[in-house]
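**Q** My structure is below; once you've seen it, I'll send some questions.
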Amino acid sequence: MARGLRHALTTWVLLGAALLTAVFALLLPLAPVNQDDPVLSWPQAGGRVENTVVPLVPYRPLELTADLPCRTLAAVDGDVLRTLPQRQDQNPGRGLVVQANDGRLLISSSSTRLLDEARPTGDCAYQVRADASGTRVLRDGRVIAQHAGLLPPQVAMFETAGVGRAEADGLKVTLHTDARFQSSPSPLKAVLLVLHGILLVGCGVLAVLRFGANRAGSRLRLSPVDLVVPAVLLGWTVIGPTNDDDGWYLRHALNSANSGYIGNYYHSFNTSELPFVVSQYVLGGWASVSTSLLWLRLFAGVLGIGVWFLLRWFLASALGDRRAYRAVPWLTALAFLVWWLPFTPTLRPEPVACLGVAATLALCEYARRREWPGLVAPAVGIAALTTLTTVAGLVAWGAVLVQLPWLWRWLRTRPVRDRLAYVGATLASGTTAFVAVFADAKFTDVVEATRVHYHYWIAMRWYEEWFRYSKLLGFDHHGNWAKRAAVLLTLAALVFVLFRIRRRRAQLDGTMLRLAVVVAVGLAALALSPTKWAHHFLAVAPPAIALLGLSAIGTPTPRGARALVPGLVAAALTGVAAVLTFGGPNFWYGFSNWGQPFGDHSVPIPQFAFTKQQIADATAQAETMRPALGPVSLDSPLLWGLALAVCLLLGLRGRGGRWASVGSARLLVAVQATAVVLLVSVFTIAPLRTPGWSLAGSVLRDDCGLADQVRLPEGTTLAELARTRPTSVDWGIGLVYPCVPIPAVADGLSTPPEYRVLPAGQGAMGGSMQTGEFAGGTHGFLSQVGRTEPVPTFGPLNDGSVPAWGELQRVLYAHPVGRYTVTHTSRTVSGLDGAPTLAQFSYVGVPEGFMRVFQSPGDDNAAGPPR
């Protein structure tokens, strides 16, 4: 009786805690925050008027006030004040222009003429005020011109013809930079966070204890394979490939120490990456320990080891200790390497997503095995956080979805109050996402971040998912043979599962069916991503690895002769997957391509080809890079036809049609083994074939990468130069310059670089990404007030055996930088408070956004991604 009362009391407490947890979570986005409000004043405090560069990011301030004394307007001829240089194609320009010419005073702002009147004389004062409500011109405090809704002017400099004249001393500008995403919790929000955290943990613990296990589980038994896989991953840290986005995400994470939030360091005005920030906070924590090349490369390796052991736990729970499954660890290891090696090491979000997906899979399967419903609550919390790594992180919910049948059966046997408490606690666990997103942000931040990224970045629709697969089967590094192997073999394994649907009573069949559903959910989730790159496939890896490993035990297994047809179909699909796989080029991104065998790698394949002729040329070049064994190409149908015949013959001892199933499984193992051996071989050979500097050698030395190898004429290395001069490194090569300090983008301002390091042979997405206004580049001011000149350098290689290392540019500015004062203030705003959106064509004056980069003007054969 006492126990029943105790259980009832616990149930009601759990239900109440779950409701309060949900309420506090819903209040977090609306709670007030302390938002930074930096104020920039010109001229510099205590100084005289000087022309200066003002690198605003975003380009327009939230508020601007320009004080224009009449004595200045009367004495200065020409430009009394200008915030953007004059351009023939913009008259009046998008900035603020105050001109005193031929007895007239002209004031324009944001491409709009505000005032045209006789030049003033006498003792008076004009003022221009611009904010969210519009722009006004005042004389002696009285409004004489106004334009409601007109955006504040763009600012990249303060320039006046009155420099050095005493009459210009009263000229000044005060503006509030746009630091809308820089905020911290208000005291009220801090209290909400603490209360929510206590309740969230309490709900999880109570759910686990109250809805406990009903039967024993299986123990994970370690084997030699659990030493082999981590050892391979640690070795792969040294020799493995780089990714084109490694420098991108690294600098996102590093700049958070300057701005206080994860922003897009290179474009979209450093807009917050909300809501997909979890992986970048993890990376930021990792990089805060060290930015050495070896340490950064270990990031994905350590995550991979975690994923491996979580998958081992999952399979131990799903299959138990039956002797028939003793080969599973080794087959899973092979599948793991097929998936993990081509896509990593990388600093992209997918490895973190993989860890979350694997943890959700393992926890849910362990809960099912032990009939422990309470464990699903923390699994939901992990799934919610995994969703905030990348859109593909939605695959974690597939792991929860496949547990619903047994959870439903269990719920039907429970009292109503237990059902309510359990469902409430499980849903409340998902509010971990609210903490991750809204701990120091507000609701309007997420709305604005989403708008901006869709406006200035690639935004493809779900029904254009075919583009991802076209990239996978394409000619550049997205479609190399190793990445194809992981995805195509998994797709074949999904077809194998169809043969098992009628045999769900078998333990292996049920496990494979659940895994297939999770993989299918993951592939469907990829369609929701606005970008369609092959990188994203890695997020689906944990269930795909387990499915691929189990498929190698034996494909369809009906009894007798009924196994013949499905077994032959499975074998044929595996053969087709092998041919398509090894038909891809042995081409890798950037420096990972140096020294690679198969074809001429001294000229890289362009990542983007626009015209039909460019596509034809790139395809022809890719065909020369197909893997081969001497004169035999590995994509030869004859080669894999012979391999299939051998595998089938070796299985002839099987009863009935079982020999076909055994043969198809052996062929699947053979294809995977070939892929892994070839992959390790080419990345072992590549650094040995590269004269001078190689990525692997640099990782082993744990040095400053290429920055130690590139020298200036005076003998200074690029690493030494970057320690004393602000140096910007382009995102595509950022990883191999780990010692170059990051010029901050914070307080609504960018740090003007003195030097820029750019990749060789830039494509459409080269250094223009950061300087281009069309994408909200954080160095957009350079196109207005700066120019560059090449700096002679001596790279690590000059014999033409590999592509050039890149180029170094010196930035020359129209005016000195930093001749202003910044005062840091803050204000408390509600979660619904928001500034005018940045996602509008008039903001930058470029109507097409980022997708302009995919057009080839004047070419009717342009073939960019679909809009």
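**Q** Give me the angle, in degrees from 0 to 90, between the Cα long axis of helix 376-387 and the longest principal axis of the Cα atoms of the chain, rounded to the nearest 10.
**A** So the helix axis and the longest Cα principal axis differ by about 50 degrees.
**Q** Nearest 500 deg cm²/dmol is fine: what mean residue ellipticity at 222 nm does the chain get from its DSSP H runs of n ≥ 4 alone, each adding -39,500 (n - 2.57), divided by its residue count?
**A** Numbers: 28 runs with 383 residues, N = 867.
Dividing the helical sum by the residues of the chain leaves -14000 deg cm²/dmol.
**Q** I'd like the distance separating the alpha-carbon centroids of the range 465-491 and the range 239-297, in whole Å.
**A** 26
**Q** Still on this model: Assuming a ≥ b ≥ c are the square roots of the Cα gyration tensor eigenvalues, decide whether the range 78-141 counts as rounded (a/c under 1.5), prolate (otherwise, with a/b larger than b/c) or oblate. The partial results should precede the final answer.
**A** Details: a/c = 2.23, a/b = 1.20, b/c = 1.85.
The shape class here is oblate.
**Q** Then there is this: Residue separation times 0.36 nm, minus the C-alpha to C-alpha distance between Trp462 and Asp617: what's the value? Please report the intermediate quantities before stating the final value.
**A** Numbers: separation 155, 0.36 × 155 = 55.80 nm, distance 2.97 nm.
Gain on extension, Trp462 to Asp617, equals 52.8 nm.
**Q** In percent, how large is the relative contact order of the chain, given Cα pairs closer than 8 Å and 6 or more residues apart? Mind showing how you got there, number by number?
**A** On the way: 1848 pairs, mean separation 160.0, N = 867.
Averaging sequence separation for qualifying contacts and normalising by length gives 18 percent for the chain.
**Q** With a 10 Å radius around each residue's Cβ, average the other Cβ atoms per peptide and rank 746-752, 618-624, highest first. Present the calculation step by step, with values, prior to reporting the outcome.
**A** Numbers: 746-752: 22.9, 618-624: 15.7.
Listed from highest to lowest mean packing, they are 746-752, 618-624.
**Q** Okay, moving on. Calculate how steeply helix 2-27 sits against the longest principal axis of the alpha-carbon atoms of the chain, using the helix alpha-carbon long axis, and give the answer as 0 to 90 degrees to the nearest 10.
**A** The helix 2-27 is inclined about 40 degrees to the chain.
**Q** Apply the a/c threshold of 1.5 to the C-alpha gyration tensor of the chain and tell me whether it is rounded, prolate or oblate. Mind showing how you got there, number by number?
**A** Values: a/c = 2.53, a/b = 1.52, b/c = 1.66.
Judged from the Cα gyration tensor, the chain comes out oblate (a/c at least 1.5, b/c at or above a/b).
**Q** If you take every residue apart from Val671 with its C-beta less than 14 Å away from the C-beta of Val671, what net charge results, scoring Lys and Arg +1 and Asp and Glu -1?
**A** On the way: positive: Arg484, Arg666; negative: Asp635.
Local net charge: +1.
**Q** Please report, largest first and rounded to whole Å, the three semi-axes of the ellipsoid equivalent to the range 220-262, where each semi-axis is the square root of five times an eigenvalue of the C-alpha gyration tensor. All intermediate terms of the calculation are to be shown ahead of the outcome.
**A** Numbers: eigenvalues 227, 46, 9 Å².
They are 34, 15, 7 Å, listed from largest to smallest.
**Q** Taking the Cβ of Val39 as the center, what net charge do the other residues with Cβ under 15 Å away carry, scoring Lys and Arg +1 and Asp and Glu -1? Show your work: numbers first, answer last.
**A** Numbers: positive: Arg129, Lys172, Arg180, Arg827; negative: Asp36, Asp37, Glu63, Asp67, Asp131, Asp178, Asp747.
Computed value for this residue: -3.
**Q** Any chance you could run the full-extension gain for Thr823 through Glu167? It's 0.36 nm times the residue separation minus the Cα-Cα distance, nm to one decimal.
**A** Length gained, Thr823 through Glu167: 233.6 nm.
**Q** Along its principal axes, what span do the Cα atoms of the range 48-93 show, with the longest given first and each in whole Å?
**A** Cα extents, longest axis first: 33, 26, 18 Å.
**Q** Can you put Met512, Met769, Met460 in order, fewest other beta carbons within 10 Å first? Walk me through the numbers before you get to the answer.
**A** Details: Met512 26, Met769 23, Met460 18.
The fewest-first ordering by Cβ neighbours comes to Met460, Met769, Met512.
**Q** Also: Between Gln146 and Ser783, what is the FRET efficiency for a Förster distance of 45 Å, r being their Cβ-Cβ separation, to the nearest 0.05? Can you show the working numbers first?
**A** Numbers: r = 31 Å, r/R0 = 0.68.
That pair, Gln146 with Ser783, gives E of 0.90.
**Q** Using only the alpha carbons, work out the radius of gyration and Dmax of the range 172-281 in angstrom.
**A** Rg then Dmax for the range 172-281, in Å: 22.6, 76.
**Q** Can you give the FRET efficiency for Leu404 and Asp833, using 1/(1 + (r/R0)^6), R0 = 56 Å, r = Cβ-Cβ distance, to the nearest 0.05? All intermediate terms of the calculation are to be shown ahead of the outcome.
**A** Working: r = 40 Å, r/R0 = 0.71.
Efficiency, from the Cβ-Cβ distance: 0.90.
**Q** Relative to the longest principal Cα axis of the chain, at what angle does helix 187-210 sit, 0 to 90 degrees, rounded to 10?
**A** 0
**Q** Would you compute, for the Cα atoms of the range 113-200, the largest minus smallest coordinate along each principal axis and list the three values in descending order, in whole Å?
**A** Cα spread of the range 113-200 along its principal axes, largest to smallest: 68, 32, 23 Å.
**Q** Please compute the net charge surrounding Val811, taking Lys and Arg as +1 and Asp and Glu as -1 over other residues with Cβ under 15 Å from its Cβ.
**A** Values: positive: Arg725, Arg756, Arg787, Arg810; negative: Asp730, Glu754, Glu789, Glu807.
Residues near Val811 contribute 0 overall.
**Q** Pull out a ≥ b ≥ c, the square roots of the eigenvalues of the alpha-carbon gyration tensor of the range 63-176, then state rounded if a/c is under 1.5, prolate if not and a/b is larger than b/c, and oblate in the remaining case.
**A** Cα axes put the range 63-176 in the rounded bin.
None of the figures in this text is laboratory data; all of them are computed from the coordinates on show. None of the values given here were measured: they were computed from a predicted structure. No Cβ is skipped: glycine too gets one built from the backbone with ideal geometry, and neighbour counts run over all protein chains shown.
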